[in-house]
1. To the nearest 20 Debye, how big is the dipole of segment 203-303 about its Cα centre, given +1 on the beta carbon of each Lys and Arg and -1 on that of each Asp and Glu?
2. Would you tell me the accessible area of R455, worked out with a 1.4 angstrom probe on the heavy atoms of the protein chains, in Å² to the nearest 10?
3. How tilted is helix 101-121 with respect to the longest principal axis of the chain? Cα atoms for both, answer in degrees (0 to 90, nearest 10).
4. What are the semi-axes of the equivalent ellipsoid for the chain, taken as the square roots of 5 times the Cα gyration tensor eigenvalues, largest first, in whole Å?
5. Count charges around A389 for me, please; just the other residues with Cβ under 12 Å from its Cβ, Lys/Arg as +1, Asp/Glu as -1.
6. What whole number of Å gives the distance from the Cα centroid of segment 343-414 to the Cα centroid of segment 104-178?
7. Could you state the angle between the C-alpha long axis of helix 175-191 and the longest principal axis of the C-alpha atoms of the chain, as a value from 0 to 90 degrees rounded to the nearest 10?
8. Counting only protein chains, not ligands or nucleic acids, how are I161, I301, I186, I359 ordered by accessible area (probe 1.4 Å), most first?
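The values are calculated or read from the model by the stated rules, or taken from the named source; none is laboratory data. This is a predicted model, so every value here is computed, not measured. Cβ sites come from the backbone with ideal geometry, for glycine too, and all protein chains shown count toward neighbours. The area values use the complete protein model at the heavy-atom level, side chains included, leaving out ligands, DNA and RNA. Shrake-Rupley method; radii C 1.70, N 1.55, O 1.52, S 1.80 Å.
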Amino acid sequence: MDPSDARNPSPNAMSAWRRFCHGPWPIVLLIAAATLLRLRDTLHNRSLWLDEASLACNFLDRSLAQLLEPLAFNQAAPPAFLLGTKWVVDSFGIHEWTLRLIPLGAGLLIAPLFYVLASRYLGRAGTLFSLALVASSSALIFYSNEFKPYGCDALVSIAIILSLQRLVETGANTWRGLLIPALLAIISPWLSFPSVFVFAATLTAGGFRAIAAKNSQGFFVLAVIAATAAGSCALCYLSFARRNYAIPGMVDYWLAHGAFMPVPPRSAADLTWYTSQVFGFFEDVGGLHSSRNLMLALAVIGMLRFVRQRLWWITASCAGPLLLAALASGLHAYPFQGRLLLFSVPGAVLLCGAGIDAIHEATRTHRYVLGVLVAVALFSPVAYTVRTAIRGTEVEEVRPLLEQITRTTKPDVPVVVLGAETPYRYYAAKLPLPVAVFLPHDDTLASRLQRLPARAAWLLMSHLDDATERAARAAVADAGWKTIREHRRTGAFLLELSR
């Protein structure tokens with residue numbers, strides 16, 4: 001046997017590999033991987049953390065109609081999301097998995113629906129790459145198992161773009177082609193508040209396209225859909241969102257966290273806001289970690305590719321909603337930060353796939369360049385996601401600590417709760433927990449601990465920064481308490497106290 005045969009694959013082997021790469025199996029495997037990663041997070045069944053528990057507490061004793069009133073604990077969510085969750089909870093009981101069932105359903109649908117969208121605009125390389133990003137995005141995986149509506153936002157964005165694509169770009173004005181966009185125009189504002197940005201960008205771009213093509217019938221159809229979406233948004237806002245989102249101090253909270261675009265920028269710090277948002281988007285929002293700068297470059301290249309191909313509508317559909325959200329943040333109408341921008345991730349990932357297609361065409365004679373680039377781009381998100389899948393995602397594991405209390409405490413031993421009020425209230429409805437004393441994050445912690453009549457107590461803490469945790473420990477000592485034992489879990493810890 002010629003030793004070179006071992007080094008050089010046979011033509012038949014290469015042909016089989018090409019058939020595999022160009023067949024359906026890579027798509028099937030990527031969608032299967034996306035499904036398994038989301039189900040793995042679900043099976044880990046992490047505790048509800050503060051944000052989730054704050055919303056979940058509203059489902060403990062509220063009726064269907066009461067959920068449409070302003071929610072407790074400074075919470076707000078789209079009405080369709082609330083009513084859908086209420087139906088699930090009433091049907092199967094209130095558990096972590098039932099509360100997260102709607103986000104999980106949305107998360108499982110994102111990958112196959114995104115593939116349908118990507119296959120209409122991208123080549124094989126770009127489709128596989130962008131689908132791999134969707135499958136491995138830690139943000140999309142996390143919010144598939146988070147009792148919040150942000151995963152639904154991403155799904156609704158894809159659905160809107162898909163439903164309008166044939167209508168805008170092919171001029172197919174059949175009743176069947178109009179039905180889904182019209183239904184989405186009615187339903188979306190009640191399920192996803194940022195869907196207004198997606199509809200505004202896609203319909204505006206579609207209207208300009210119809211005008212340029214002198215397609216008066218197409219323009220009229222888009223105008224009807226736009227009027228339907230605007231009417232549904234207005235009704236949702238006037239009947240629900242206006243009073244439910246009037247949370248005292250919320251604008252000041254978002255201002256303090258830099259969630260509003262400074263318009264106009266007046267200082268170097270204001271300019272830094274713009275650069276941090278641009279360079280941090282793929283890491284903080286997209287969940288793509290160390291690949292953020294490379295992803296940004298790919299998105300820019302992809303946008304230029306779409307523009308060169310005169311694909312104006314999909315370019316506006318990908319980038320426009322994010323720009324409109326930024327403008328809304330400049331008016332203090334929408335926070336431009338983190339998970340609230342998850343709806344724009346599918347569009348950004350589609351641009352990255354277009355960037356890969358552009359590089360693939362430019363390096364056809366040097367295939368290894370594309371291979372290296374893809375490997376570098378995918379390494380960070382895939383490595384992070386695999387590592388997280390192995391150990392499971394955790395945020396604030398309060399439930400095991402509360403179970404520890406039920407196993408070892410006496411009924412007259414109080415639990416002092418700092419930073420974990422809503423998780424305690426939620427799990428107190430499910431576990432035989434003793435009376436709790438909820439303390440605020442202020443300088444009176446020591447005096448409040450001194451006034452406790454008991455000789456023994458538990459101190460449960462979570463959702464605290466390092467400085468607050470150190471201050472709380474110091475307050476325990478100042479109040480004359482001794483720590484007998486400490487139990488620590490991710491993001492939370494429990495102290496057994498005596499004096």
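1. Working: 6 positive and 4 negative charges, 79 e Å.
Magnitude of the dipole: close to 380 debye.
2. The value for R455 is about 150 Å².
3. 20
4. Working: eigenvalues 396, 176, 92 Å².
Semi-axis lengths for the chain are 45, 30, 21 Å.
5. Values: positive: R38, R40, R387, R391; negative: D41.
The answer is +3.
6. Spelled out, the Cα-based centre of one part sits 18 Å from the other.
7. That works out to roughly 20 degrees.
8. On the way: I161 10, I301 65, I186 85, I359 30 Å².
Sorted descending by solvent-accessible area, the residues read I186, I301, I359, I161.
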